[in-house]
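Taken together, the values in this text are just the output of simple stated rules run on the coordinates, not laboratory data. In this text, all values refer to a predicted model and were calculated from it rather than measured experimentally. Here the Cβ is made from the backbone with ideal geometry for all residues, glycine too, and neighbour counts use every protein chain on show.
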Amino acid sequence: MLVRQTRAEFLKLWRVPAFSATSLLLPIVFYAFIGIGQASQVLQGTHVTFGAYFLASMSVYSVANVMIFSFGISVATERGMKTDLLMRATPLPPLVYLLSRCITAIVFAALTLAVLFPFAYIAGGVRLEAEQWFTLAYRVLLGSIPFIALGFAIGYLSGPNSAVAVINLIYLPTAFASGLFFPKQLLPQIIQNVSPYLPLYRFGQLGWDAVGAKWFGYPTFWVNRVHIAAEELGTVPEGVGKDLNDLATFVQARR
């Protein structure tokens with residue numbers, strides 16, 4: 001039953017070009033307009049190119065976009081057509097219905113990455129280790145699951161005619177303010193102060209850290225227990241200590 005319902009949900013979204021084509025192609029369009037021209041530039045304080053950084057950003061943007069739009073708009077539309085009432089009258093268990101939609105959204109999100117990754121490799125010249133490609137993919141796929149709840153909230157709190165406008169009003173400004181399109185350091189100071197509290201910024205850190213852009217992701221601390229010469233870490237650490245007590249002090253100082 002779950003397999004059949006998942007197939008039905010997938011075909012329902014796939015046969016809507018406004019959703020399927022947009023989900024697959026929009027991240028590529030953004031990458032072509034913004035990422036390719038400066039893909040070879042190296043980010044300050046790292047050995048990571050802007051092309052790799054923007055690949056991580058668009059990966060985060062694309063999968064979260066699928067989660068929010070697939071649930072937000074479709075749920076609002078089904079509510080407007082009373083399809084949700086019809087589904088309640090069928091023998092289909094609610095858990096199967098929910099799981100089928102979640103699986104469908106994750107499959108669509110994986111398809112967007114399957115299109116985006118080769119484009120960034122060929123057009124943007126992004127070169128990552130196999131482990132980095134895999135880490136980036138599984139992090140953004142798993143990290144996108146909480147955005148399903150946001151999609152459901154929008155779908156149930158807005159009507160079928162206003163869902164698209166509400167999503168664009170919330171999602172696009174949040175994406176820009178989180179540094180997904182341009183590094184946070186280039187945004188106005190007031191936006192920089194707000195961005196750490198935005199869910200897309202924290203989600204973006206998972207992707208940026210996967211490609212090694214620590215300046216835009218997690219801070220790096222090197223535990224140098226035996227006081228050896230500085231190693232080539234691929235990034236400049238923000239702190240160095242001799243043991244985990246120094247690490248704890250470093251973390252406490254950043255709070």
Running a GNM on the chain with Cα contacts under 10 Å, which residue among Val140, Val66, Val42 ends up with the highest mean-square fluctuation? Val42
Taking R0 as 35 Å, what's the FRET efficiency between Arg202 and Thr83 from their Cβ-Cβ distance, rounded to 0.05? 0.55
Label points 7 Å out from Cα along the Cβ direction at Arg4 and Phe182: separation in nm? 5.3
Mean ellipticity per residue at 222 nm, deg cm²/dmol - from DSSP H runs of n ≥ 4 across the chain, formula -39500 (n - 2.57): -20500 deg cm²/dmol
With label points built 7 Å along Cα→Cβ from the Cα atoms of Phe33 and Leu169, find their separation and express it in nm. 2.2
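Normalised radius of gyration for segment 67-115, please: alpha carbon Rg relative to 2.2 N^0.38 Å, two decimal places. Write out the running numbers ahead of the final one.
Working: Rg = 12.4 Å, N = 49, 2.2 N^0.38 = 9.7 Å.
Working it through for segment 67-115, the quotient is 1.29.
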In whole Hz, what ³J(HN,Hα) sequence does segment 62-72 give by Karplus (6.51, -1.76, 1.60; θ = phi - 60°), x for Gly and Pro? 5, 6, 5, 4, 5, 4, 6, 6, 5, 8, x
Please list, in order along segment 7-24, the HN-Hα scalar couplings obtained from phi with the Karplus expression 6.51 cos²θ - 1.76 cosθ + 1.60 (θ = phi - 60°), rounded to whole Hz, x for Gly and Pro. 4, 5, 5, 5, 5, 4, 6, 4, 7, 10, x, 4, 9, 5, 5, 5, 5, 7
Karplus-derived HN-Hα couplings along segment 154-164 (A = 6.51, B = -1.76, C = 1.60, θ = phi - 60°), whole Hz, x at Gly and Pro: 5, x, 8, 9, 10, x, x, 7, 10, 4, 4
Compute the relative contact order of the chain as a whole-number percentage, counting only Cα pairs closer than 8 Å that sit 6 or more residues apart in sequence. 25
Using 1/(1 + (r/R0)^6) with R0 = 51 angstrom and r between the beta carbons of Val107 and Ile191, what's the FRET efficiency to the nearest 0.05? 0.90
Under the rule of at least 5 residues apart or a separate chain, name every residue whose amide H is placed under 5 Å from the amide H of Val240. Trp222
37 °C / 0.692 mPa s Stokes-Einstein diffusion coefficient of the chain, Kirkwood radius on C-alpha pairs, µm²/s: 166
Output row, site Asn161, 7 Å Cα→C-beta label point, backbone N cut-off 16 Å, window segment 81-96, residues 81-82
